[in-house]
Number of protein chains: 2
Amino acid sequence: MPYHPLDHHSAARYVKAAGLFPKASALNVTEIGDGNINMVFRLQDKHNGHSVILKHAFPYVRCVGKSWPLTLDRIRIEADALEIQHRYVPGLVPRILHRNNEMALVVMEDLGRMEVMRKGMNKLRKYGRFAEHISTFMANVLFFTSDLFLAAREKKALSGRFDNPLCQITEDLIFTEPYFDCARNKVNPALRPYCERVFWRKSALRLEAAKLKEKFLTQGQCLIHGDLHTGSILANATETKVFDSEFAFVGPAAFDPGLLVGNFFINFLSLNGKEFSRAEKRAYQRYVLESVRKIYQLFERKFRRNWDQHCKEPAFVVPGFQDYYLRQMFEDTLGFAATEMIRRTHGLAHNSDVDEIEDLTRRGDVQIAILETAEEIMLRRKEFRRMDEVVALVEQRGFSAEGQRPRKNRN
Amino acid sequence: MPYHPLDHHSAARYVKAAGLFPKASALNVTEIGDGNINMVFRLQDKHNGHSVILKHAFPYVRCVGKSWPLTLDRIRIEADALEIQHRYVPGLVPRILHRNNEMALVVMEDLGRMEVMRKGMNKLRKYGRFAEHISTFMANVLFFTSDLFLAAREKKALSGRFDNPLCQITEDLIFTEPYFDCARNKVNPALRPYCERVFWRKSALRLEAAKLKEKFLTQGQCLIHGDLHTGSILANATETKVFDSEFAFVGPAAFDPGLLVGNFFINFLSLNGKEFSRAEKRAYQRYVLESVRKIYQLFERKFRRNWDQHCKEPAFVVPGFQDYYLRQMFEDTLGFAATEMIRRTHGLAHNSDVDEIEDLTRRGDVQIAILETAEEIMLRRKEFRRMDEVVALVEQRGFSAEGQRPRKNRN
């Protein structure tokens, strides 16, 4: 069937023709995408309540229109990534029920019982199993798709299969545009003076961002999710599902833990600008930082265990190499975390964690705290020995800034 | 025309059918390959002397036979690499006259007027234009095929086009096998005791080799030649031609200068075991080291000039990034040079520079000097500020060792 864009009606016809629902069933169709790039339909049988999710691409960025064309191949890439992730972390990604590359669509189980983690975190929801789950997700996918496990030929074949045009979005939005007064940036007016007088003049920071951009462009270590923030994760008290793998490609291992940690730090600092009681905020902030500590500790422990049990390459079982590799990954994780904190503050795509602070001055104070914390993490990333030390820095910055107007001069 | 292996007769028929010679011409056909991997025919018109070179692959490694299969696609890769190199350094690679991917062959201009540089260097031949030429070759090809010049999408397309199965040969022969008593190593009996008692126990060195192997596997910076030693270069007093690009792929920029520098250092140290007069040796050794100094200095200068003139990426024109990039490239060049010196000493593929020393004890002394020098370069590569300092180290090691039996204890 040649490609054609689906609407509510044709999506319903499609899933019935594909045998996912009986021909005679009556379906409720709702579009539930966040509206940025793709169409996401929920199709539900009116009688028995059975439902599925259909993700479908237009040949352009949905929220912009035909002026920003985007390959249909992104759905094929997302489905391929889901299949590989499913192999190494079954149960931690949505199950695929049906896929069609030509139609640029994939049908997945409906996980409506779960919540997008970012939304939950903004309501101070805690996820008791999350550190355990996400550390397994990262330790397994990043290890088993790397040269530490795969033969070099297999790893290169994976690179070719995930030649992902969406990388350019990351290259521009994360590594380039936030470091100057780019037209696509979305800058809070209350933050703009700080950006103009201080942030956009930080040449040491731009240099570090350039080093990380070069890594992102050239370091093909393993299949990364490529966009592992809390908005790409569904969670509840017992389950975790990582979705939206359309940015997946063979890139630097540290990028996934980096984005995740960066988003946790943003959430932590955003609380200082919010309306919850002081006790509620403190308790949740401690939970957020404890999560980062636990996630990274478990991630490293599981990654090392995979290495000890499954690495057969003589060159990579040499004493000291595992420590070296994890040290590099730690430094790069901090670097990528910092770039994520920066770009979510005044780049094109923000986090609701901060943007739901309605008072622009208060929001600006939080944003400045995020930028200053990110800068310190970035510039000192070779000094920190363990994630505990980074967490202690963030904690100290967050708790000392709480409720205060920021200092006048901070350049 | 479906693939079939060519012999002397069918090669002659082929070039006539392809219009490279008149149908009626009488051709002399000689096979001039070094015999390792491919067939290389010289086809010459008996009457007017006009000649061409036809390089042709069998679906296996020629010198081993069908038990070591090797993709025919390697000739397509070599011809593609030649075309790209020709774009950026016209005149520094052989001209392609005809190519046929399906038949796994490429016909090139005959450069019989020139000599394989390694052979010339073993006869103390000097090449006055070489530093100028090879620095241009490296500075242009490595810069213009990198993310510093190409759009990320173009660079990635290049990676896909040069998905080269021959990389495995490098991975095994350079980075893994020389560091333990591997069956494929070819160890001079006079060197074996040193390898067993000393070299194969050097865990610090194995660790550095592992780091470089990981770079080779994951760092896709630009289109590298992949085997840039003096046996892959034709030279005479006025011309330089780089050939045998079948190992080309998108890898670490430092690999090409690293192999080249390593081969020059091997040549320098090999002279201590040879029969030339002391004055002849000294003079040539000074020329060799002066060449390294000049090559690397010109290479960096031209690479920087390309960057200043042609890099349009905002993230990469940030002050300090160019210095950082060249610093990394310098350290990695030294690392790759050291791995090359080591693997050519007792790995599967040696250099005639050393192996033409017939007395095995003398050869062993030279080999130990090479291994010790390589080790010092490898372990101290972050200390050296400039290539001058490395050259001074090699000079001091070479001149102090000259004519002496090596010290008893060197672990």
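The values are calculated or read from the model by the stated rules, or taken from the named source; none is laboratory data. All values derive from a computational prediction rather than experimental measurement. Every residue, glycine among them, receives a Cβ derived from its backbone with ideal geometry; neighbour counts consider all protein chains shown. All accessible areas refer to the heavy atoms of the entire protein, side chains included, with ligands and DNA or RNA removed. Shrake-Rupley method; radii C 1.70, N 1.55, O 1.52, S 1.80 Å.
Points worth noting:
- Think of it as helices only: each DSSP H run of n ≥ 4 in the protein assembly as shown is worth -39500 (n - 2.57), and spread over all residues that comes to -15500 deg cm²/dmol at 222 nm.
- Probe 1.4 Å - accessible area at A:GLU376, Å² to nearest ten: 40
- C-alpha long axis of helix A:255-270 to longest principal axis of chain A, angle in °: 60
- As a length-normalised measure over Cα pairs under 8 Å and 6 or more apart, the relative contact order of region B:8-109 settles at 20 percent.
- Inter-centroid distance (Cα atoms) of region A:334-394 relative to region A:74-125, Å: 28
- Formal net charge of residues neighbouring A:HIS310 (Cβ-Cβ distance under 13 Å; K, R +1; D, E -1): +1
- Cα-only radius of gyration and Dmax that characterise chain B, units Å: 21.5, 69
- Each Lys or Arg adds one and each Asp or Glu subtracts one; over the other residues with Cβ under 10 Å from the Cβ of B:PHE247, this totals -3.
- The protein assembly as shown: equivalent-ellipsoid semi-axes (sqrt of 5 x gyration tensor eigenvalues, Cα, Å): 53, 33, 24
- Magnitude of the charge dipole, the protein assembly as shown, Cβ model with Lys/Arg +1 and Asp/Glu -1, debye to 20: 800
- Largest GNM mean-square fluctuation among A:GLY262, A:GLY251, A:GLY33, using chain A with Cα springs under 10 Å: A:GLY33.
- Reach of A:LYS126 by Cα under 24 Å, taken over lysines that are not fewer than 8 positions away in the same chain: A:LYS241, A:LYS274, A:LYS281, A:LYS294, A:LYS302
- Relative contact order (percent, whole number), chain B, Cα cutoff 8 Å, 6+ residue spacing: 17
- Other copies of B:LYS294: label-to-label distances in nm, shortest first, labels 7 Å along the beta-carbon direction: 6.6
- Max mean-square fluctuation residue, GNM over chain B, Cα-Cα springs under 10 Å, options B:THR170, B:THR136, B:THR230: B:THR170
- Long pairs among A:LYS211/B:LYS312; B:LYS16/B:LYS55; B:LYS55/B:LYS156; A:LYS156/B:LYS213; B:LYS16/B:LYS66; A:LYS215/B:LYS215, criterion Cα-Cα beyond 18 Å: B:LYS55/B:LYS156; B:LYS16/B:LYS66
- Other residues whose C-beta falls under 13 angstrom from the C-beta of B:PHE299 contribute a net charge of +4, scoring Lys and Arg +1 and Asp and Glu -1.
- Excluding same-chain neighbours fewer than eight residues apart, the aspartates and glutamates reachable from B:LYS119 by a Cα-Cα span under 14 Å are B:ASP34, B:ASP353, B:ASP355, B:GLU356.
- Ratio of the Cα radius of gyration of region B:1-116 to 2.2 N^0.38 Å, where N counts its residues: 1.05
- For A:GLU275, the accessible surface of its heavy atoms amounts to roughly 150 Å² (probe 1.4 Å, protein chains only, rounded to the nearest 10).
- Mean sequence separation of contacting Cα pairs (under 8 Å, at least six apart), scaled by the length of region A:153-299, corresponds to a relative contact order of 22 percent.
- Loop-resident GluC sites (Glu not before Pro) (DSSP state other than H, G, I, E or B) in region A:98-181 with no more than 15 further Cβ atoms inside 10 Å of their Cβ: A:GLU102.
- Computed E for A:LYS123/A:ARG385 - FRET, C-beta separation, R0 60 angstrom, nearest 0.05: 0.95
- Per the accessible-area calculation with a 1.4 Å probe, the total area buried between chain A and chain B rounds to 3000 Å².
- The charge dipole of region A:115-401, taken about the Cα centre with unit charges on the Cβ atoms of Lys, Arg (+1) and Asp, Glu (-1), comes to about 440 debye, rounded to the nearest 20.
- Placing unit charges on the Cβ atoms of the charged side chains and taking the dipole of chain A about its Cα centre, the candidate lying farthest along the positive direction among A:THR218, A:PHE143, A:ALA283 is A:ALA283.
- Candidate residues A:TRP200, B:TRP68: accessible-area rank, largest first, probe 1.4 Å: B:TRP68, A:TRP200
- Pairs of alpha carbons in region B:166-287 whose separation is greater than 22 Å (percent): 50
- Threshold 50 Å² - residues in region A:171-213 whose accessible area is reduced by that much or more when the chain is no longer isolated, probe 1.4 Å: A:LEU207, A:ALA210, A:LYS211
- Applying a DSSP loop filter and a limit of 12 other Cβ atoms within 10 Å to the trypsin sites (Lys or Arg not before Pro) in region B:157-259 leaves B:ARG184, B:LYS186.
- Using alpha-carbon coordinates, inclination of helix B:130-144 to the longest axis of chain B, degrees: 80
- Exposure of A:GLU383 as accessible area (Å², to 10), given a probe of 1.4 Å and all protein chains: 110
- For the protein assembly as shown, with all protein chains in place and a probe radius of 1.4 Å, 50% of the accessible heavy-atom surface sits on carbon or sulfur.
- 0 to 90° range, to nearest 10: angle between helix B:387-401 axis and chain B longest Cα axis: 70
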